[in-house]
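The values are calculated or read from the model by the stated rules, or taken from the named source; none is laboratory data. Here the structure is a predicted model, which is why all the values come from computation and not from measurement. For neighbour counting, all protein chains shown are included, and Cβ atoms are generated from backbone atoms with ideal geometry for every residue, glycine included.
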Amino acid sequence: MKKSILVVDDSAAILDVVKIALEMADYEVYTSLTGACFQQMEQHLPDLILLDILLSGENGGEICQRLKSDEQTRHIPVILLSAHAGLRETAERCGANDFLVKPFRLSALREIVKKYLSLPSMTPFSS
Amino acid sequence: MDTNANSHFQEHTEPESASHSLLETHVLWMTDEQTTHAFIALDLQWQVVYLNQQAKEVLRRTRGELLGKNLWEALPDYVGSPLYDYCRQAVSSDKAAQFEVKSPCSPKWFRVNIFPSPGEISIFFTEITAWKEAEERLRQSEKRFRALIENSTDGIALTDEKGIITYASPSTARMVGYLPEEFIGGRIFGRDDYPDGGEATRRLMARIQQEPRKSQVLEFRTPHKDGTLLWMEITGINLLDEPGVEAIVWNFRDVTQRKQLEQKAAAAKEQLEVILQNVADGITVVDANDRLVYVNDVVAHWRGFPSLAALLAALQAGKVHRHEKFATWDQWGRPLPGSERPTAKALQGKQAQALLRYQDNATGQFYWNLVRAHPIFDAQGQVQFVVTVYTDVTEQKELELRKDHFISMASHELKTPLTILSAYTQLLHERFAAEGRQDAVLQLSKMDDQITDLTRLVTDLLDISKMQAGQLDLVQEAVDMDGLVREVVENLQPTTTRHLLIEGTARRPVIGDRGRLGQVLINLLTNAIKYSPHADTVVIKVIHTHHPHETLTVSVQDFGIGISQSHQQRLFERFYRVLSEKDQNYPGLGIGLYIAHEIISRHGGRMWVESAEGKGSTFFFSLPVREAKESVLWT
């Protein structure tokens, strides 16, 4: 069964290209322009989340913190995306598993996704 | 022996004495053997007919050697002496005489009285050596005092109780262009002495008259004979009741030059004060103990006082503390310790400058100041004062911050389309590669390279705005410099034909931000490659040294076009470009080295360059090797 990845970014073009790139690597990809998607996530939990930290009206870091403090979702690896240079600290602060600075190489994107999806159980980024 | 100089001939004033008989003279001068006077009687042929005991001692002869003998034959030493001359003169003029002579054979002085009378000559000798010596001492003493008074640059004058001059030294007269005698009989003060029409000098005179033996001093202006006005410092003392003086003694000193200097200094001070009070900058002066000795109105206003006087009064009353009013940060937003204030640094003897941010604790308002402190040294080279100038740059700084914010936002906004462009280019690259479309793959690679360059430029601009805003965050981690150098070289080697050689080893990790240090290495290596188009190699050296502190130095050496001396100093400034005809072919924004330099500085390290035009350049950076716990404060 294909692993599923949820990508959240406020740019439709980025969602598009990331979806194509990851589908090429044989993942099932869902996308969302806002953080609203997390409210209906109980039905279908993704195997991995790629989350931009600058969402319109919301903060990806805070969403990540919520996910990591929720018993239901804390095991899902969260990788933060941003063009922001202070991304590393944000990732550490909100308990994200890893981060990827925009613009990124597609190879780097696939590598990081592969790395977390092949791990037997999720460990927080900071360890 | 010259005795003439000390003797004088004086005619006796008693005419009748010429007619005294020898016997009368005997009685008159008490010729008995007990008298202290020496006496000899002679006939007109100078034959000694009588001499008393003292005469033998005075003339140093026995009675037998003198009595019945011609005086001058018995005393050949005396022939031609003043005694001989005076005696002969008295006898030939037949007049009694008195004169003083020094003995030709002893250091004694005698007063000699000679009384010629018909048929006889009487000569009396009275020893006056002690009196003569006292007189000489007095004469010498007076000569010394006179020399002292007359040669003194100060003027000395004596007046009576009403101020009428009885004596004026030549220097007194010289000072005001008169002869001493022109002064005598005049008044010590003119009627209209300046600057108050004589009021001060009248008061001085009154005080002196009322308070004997007490010195009184006054500075006043008095006209020189040539019409110019002189400043005089006069000291008077009432010695009217001092026996032998009985005068008011005045001492004059011409202080015109000093007064002129004082006036010039006062004028210069006033001029300076006007300048200091009218500049837009705040100015403070502290003494060596950091005590405030001056602030201009600008500083007083900043501190909420209407004037300098009000501020100083409040400080003295202890109502305000100097450093309480404002919270202070450095330009990177770190709280500024007192010892880091430019004034504190200047107190250590070094000029200091800093861009500081202040917050008024009362109003909460922020200010930016460019603060420059200059030490002023005394003759021994110790700091005497520190002058600190505060230039309010709040407006410029806010404008700069807005500009930096704009650049930051713009760069950030640019990154989204760059991410999309980059990702689609890579997708297409993969797709065409899978289809074996090599021409398209090549074109897309070129496109990808350009996107990478553009991304780096945008990242640099973003870094610059962060540095300016003090938001460049550095991570502290142990960095294996050997590994980092290797990694950077491995990444860059495929992009260049230059051979990138690594020499040396770091041995120990440094504490720093691996990503940022990698950025510095990439910058130095890409520059080395870019500016040495005809060279074969670029050498990267890693050197670990222990002296004076444990330091890791990395150098990147190229064999390219080099940099002239004049450009080397400014190379690390923001937007500085070495623009000359021959290197216009090298594009760039002039920010890479600035960023690299900032990153190294923020690591507590140092970056510098050694270069010669046409021979190449070597860029160095050194980092202190520290334990993580003693690392510098990074924000």
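Here are the numbers for the structure shown:
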| read-out | value |
| --- | --- |
| Filtered residues of the range A:100-112 (kept if within 14 Å of another protein chain (Cβ to nearest Cβ) and either assigned to a helix (DSSP H, G or I) or at positive phi (or both)) | A:LEU106, A:SER107, A:ALA108, A:LEU109, A:ARG110, A:GLU111 |
| A:PHE125 among the hydrophobic types (A, V, I, L, M, F, W, C) and modelled with pLDDT of 90 or more | no |
| Subset of the range B:587-617 [of a type in the set (Ser, Thr, Tyr) and surrounded by fewer than 19 Cβ atoms within 10 Å (Cβ to Cβ)] | B:SER601 |
| Index of the failed condition, A:GLU62 passing every other in (1) under 14 Å from the mean Cα position of the chain (by Cα); (2) modelled with pLDDT under 90; (3) within 14 Å of chain B (Cβ to nearest Cβ) | (3) |
| Residue match in the range B:457-476 (condition: surrounded by 15 or more Cβ atoms within 10 Å (Cβ to Cβ) and modelled with pLDDT of 85 or more) | no |
| B:MET205 closer than 26 Å to B:GLN263 by Cβ, under 41 Å from the mean Cα position of the chain (by Cα) and not hydroxyl-bearing (Ser, Thr, Tyr) | no |
| Scope the range B:281-295; condition at pLDDT 85 or above and more than 21 Å from the chain's Cα centre (by Cα); matching residues | B:ASP281, B:GLY282, B:ILE283 |
| Single unsatisfied condition, A:MET1 versus (1) within 12 Å of the chain's Cα centre (by Cα); (2) assigned to a loop (DSSP other than H, G, I, E, B) | (1) |
| Matching residues in the range B:443-477 - criterion: being within 11 Å of another protein chain (Cβ to nearest Cβ) and among the β-branched types (Val, Ile, Thr) | B:ILE451, B:THR452, B:THR455, B:VAL458, B:THR459, B:VAL475 |
| Of all residues making up the range A:1-13, the number that are hydrophobic (A, V, I, L, M, F, W, C), within 11 Å of another protein chain (Cβ to nearest Cβ) and buried (at least 22 other Cβ atoms within 10 Å of the Cβ) | 0 |
| Failed item in (1) exposed (fewer than 13 other Cβ atoms within 10 Å of the Cβ); (2) part of a helix (DSSP H, G or I), with B:LEU204 passing the rest | (1) |
| The lone exception for A:ASP16 - which of (1) within 11 Å of the chain's Cα centre (by Cα); (2) within 14 Å of chain B (Cβ to nearest Cβ) it fails | (1) |
| Set B:GLY483, B:GLY512, B:GLY504: member being in contact with a Leu (Cβ under 7 Å, 6 or more places away or on another chain) and outside the structural domain of B:LEU421 (by TED's automatic domain parsing) | B:GLY512 |
| Test: B:ALA440 is modelled with pLDDT of 90 or more, more than 16 Å from B:PHE619 (Cα to Cα) and within 14 Å of chain A (Cβ to nearest Cβ) | no |
| The lone exception for B:THR416 - which of (1) under 18 Å from B:LEU521 (Cα atoms); (2) of a type in the set (Ser, Thr, Tyr); (3) within 14 Å of chain A (Cβ to nearest Cβ) it fails | (1) |
| Residue count for the range B:165-185, restricted to those that are outside any loop (DSSP other than H, G, I, E, B) and surrounded by 14 or more Cβ atoms within 10 Å (Cβ to Cβ) | 14 |
| Any hit, the range B:302-315, residues being out of contact with any strand residue (DSSP E or B) (no Cβ under 9 Å at 6 or more places or on another chain), surrounded by fewer than 13 Cβ atoms within 10 Å (Cβ to Cβ) and under 30 Å from B:PRO223 (Cβ atoms) | no |
| The range A:85-99, residues that are more than 7 Å from chain B (Cβ to nearest Cβ), free of Cβ contacts under 8 Å to residues at least 40 places away in the same chain and not in a helix (DSSP H, G or I) | A:CYS94, A:GLY95, A:ASN97, A:ASP98, A:PHE99 |
| Verdict on B:PHE385 being in contact (Cβ under 8 Å) with a residue 24 or more places away in the chain, within 22 Å of B:ASP281 (Cα to Cα) and more than 14 Å from every other protein chain (Cβ to nearest Cβ) | yes |
| Residue check for B:ALA478: at negative phi, among the aliphatic types (A, V, I, L, M) and assigned to a strand (DSSP E or B) | yes |
| Qualifying position, being under 20 Å from A:TYR116 (Cα atoms) and either in contact (Cβ under 8 Å) with a residue 60 or more places away in the chain or exposed (fewer than 14 other Cβ atoms within 10 Å of the Cβ) (or both), among A:ALA36, A:ALA21 | A:ALA21 |
| Residue check for B:GLU120: without any contact (Cβ under 8 Å) to a residue 12 or more places away in the chain and surrounded by 14 or more Cβ atoms within 10 Å (Cβ to Cβ) | no |
